[in-house]
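Enquirer: Quick one: this structure, given as C-alpha cells, is what I'll be asking you about.
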Amino acid sequence: MTTAALQATQPTGDRWLDITDPDVYRAGVPHATFKRLRDEDPVSWTEERDGRGFWSITRYQDIIALNRDFRTFTSEAGIRLEEMDAEELEARKTMMEMDPPEHTRLRRLVQGGFTRRTVQTYEDGIRTLARAVLDEALPKGRFDLVTDVARQLPMRMLGRLLGAPEEDYGYLVDRGDAMIGNTDPEFTEHVVDQTDTAEFRLMPFRSPAGVELFEYAQRMADDRRENPKDDVITKMLAPTMDGEPLTDLEFKNFFALMVAAGNDTTRYSMVGGLVALLDHPDQLQLLLERPELTQSAVEEMLRWTSVTMHFRRTATKEVEVHGRTIREGDKVVLWWISGDHDERQFPDPFRFDITRDPNEHLAFGRGGPHRCIGEWLARVEIKVLLEELRPQLDRLRIVGPAQRLRSNFISGIKHLPVEVS
Ligand code: HEM
C-alpha cells in the first residue's frame, strides 16, 4: 500500500485550503496551497477565526532573512499562532519566547548536553534503547510503527538524558502528547479550539498536562538540589560562572519544552521519513545497497517531513516585504514546511532523493538565534533507528491506513499499522 496520497506530498489538488484549520492537516500537508502562496503571494495575509490574522512567509530565502532579523521580528510576543496576554506570556515563557541577549543567557545554560560532540557519546545508549524497542515490537509481526516504535525511542532517550526514572517514561510520553497534541481529541479532553481552556491559560500549551509536567519538574528540581547527580538537570540547576542558575519557573518551562520539543518532533520525523522510504522503493533499494548514504537519507527525511511546520514572530516596527506592508504588532508566520519545498531552493522538491546535496533544509530552523538545540540528538536517533531497522526494511509493509495528527503546527502520522513479512 502506498501512503503518498495521505501524505499529500505532491503539490496537486486544492490550492485554496485554509492553512489554519487543524482538520485540513488530517488529510495531509496542503502543499498545493503553499505552492500557490510561494508563486503568487509570498507574503500573504490570512484572517483567523479567533485571532487577529497573520502574514505567512512561504519562500525559503525570505524565511531565513526574517528569522535572522530578530530585532524586527521578535519571538517575545509568542511563537505560535495563539494569542497570549502579558500574564500568560510571562508564566509560559521558555527560551523560545525570548530574544537575545536574554535568550542567549538561557541557551548557554542548557545547550551543553546537546552539542554535536556530546551527542556522539550518547550513540551507544541510543542504539541499546532502539534495539530494546525493536525487540519488543518486531516479534509481534504486525504492529503500530508509531505507538510501538517511534513513540518510544525519543522519550526514553530524553528521560535517560534528563535523569528521569525509567518507570516514568510512559507517563512523560503520555503527558507530552496531551500537551503538544492539544488540538487532537485522541491526546487530550481539553482540545483548545473546541473546549474552554481558560483555567489552564498560564500553563504550557494551555494544557492541564502542562500542570502535571510542571509539578513533575518541580519534584525533580527539588530532588537534584538535595541529591546532585551527574546528569543534565543537575548541571542546569547548578550556579554558573556568572552565578545565575535557572530559576524554578525557567527550569519548569524548559523541562516542559524538552518533553514537547524533543519528543514528538523526532517521532514524527522517524515515521514520516520511513513512510517516504517505503513509498519510494528505488530510494529504499539505494539505501540498502549503499549504507554510506544513511546520513544523507536522514537529512532528506527531515526536509521531506519538516515536522514543525511553522513558528511565528511579531513585527516590532513597520516594514515592507515583497511590496506588502507589515505593521508593528502584526503576527508573521515562518512556514518551514513550505520553505523546504520551495522550487527556488530545492531542485524538484517533491522528489524524495536520499542523495540530495546540498540539502540545507529548514526542519530545525535556520539563520536565527533559535536554531533547534536538539538537532544532533534527533539526527542520531533517526539514523540509529534506520540502521537498526535495516535488516527488516525491505520486508516492512504498510498494512493499514495512516492516521494523521489534527494540528496546523506539527505534521505527523500518529498511527501506522505495519507488518514485517
Ligand atoms: C526531528 C526533530 C526535531 C525537529 C523537526 C525540531 C524542530 C525545531 C525547530 C523548527 C525549532 C525552532 C527553530 C527556530 O525558531 O529558528 C526548534 C527549536 C528547539 N528545539 Fe527542536 N526539533 C527537533 C528535535 C528536538 C529535540 C530532540 C530537542 C531536545 C532534546 C529539541 C529542542 C529544541 C529547543 C529547546 C528549541 C528552542 C531553541 C531556542 O529557542 O534557542 N528539538 N526545534
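Throughout, read-outs are computed from the coordinates displayed, never taken from laboratory work. Treat the numbers as computed from the prediction; the structure is a model and nothing was measured. Please note: Cβ atoms are built from the backbone with ideal geometry, for glycine as well, and neighbour counts cover all protein chains shown.
Enquirer: Would you kindly state how much longer the chain becomes between E83 and D231 on full extension, computed as 0.36 nm times their sequence separation minus their alpha carbon distance, in nm to one decimal?
Expert: So the extension gain works out to 49.7 nm.
Enquirer: Sticking with this structure for a sec: Using a Cα distance threshold of under 24 Å, what count of lysine pairs results for the range 4-420 when pairs must be 8 or more residues apart or interchain?
Expert: 11
Enquirer: Now for a separate question. Simple spin-label model, 7 Å along Cα-to-Cβ: T12 to R116 in nm?
Expert: Each label point lies 7 Å from its Cα, and together they span 4.0 nm.
Enquirer: Which three extents, in whole angstrom, do the alpha-carbon atoms of the chain cover along their principal axes, largest first?
Expert: Each principal axis gives a Cα extent; for the chain these are 58, 54, 40 Å.
Enquirer: Have a look at G125, G323, G78 and tell me which one the Gaussian network model of the chain (Cα, springs below 10 Å) gives the largest fluctuation.
Expert: Result for the chain, Cα springs under 10 Å: G323 fluctuates most.
Enquirer: Within a 10 angstrom radius of the beta carbon, how do W16, W336 rank from fewest other beta carbons to most? Mind showing how you got there, number by number?
Expert: Values: W16 9, W336 23.
The fewest-first ordering by Cβ neighbours comes to W16, W336.
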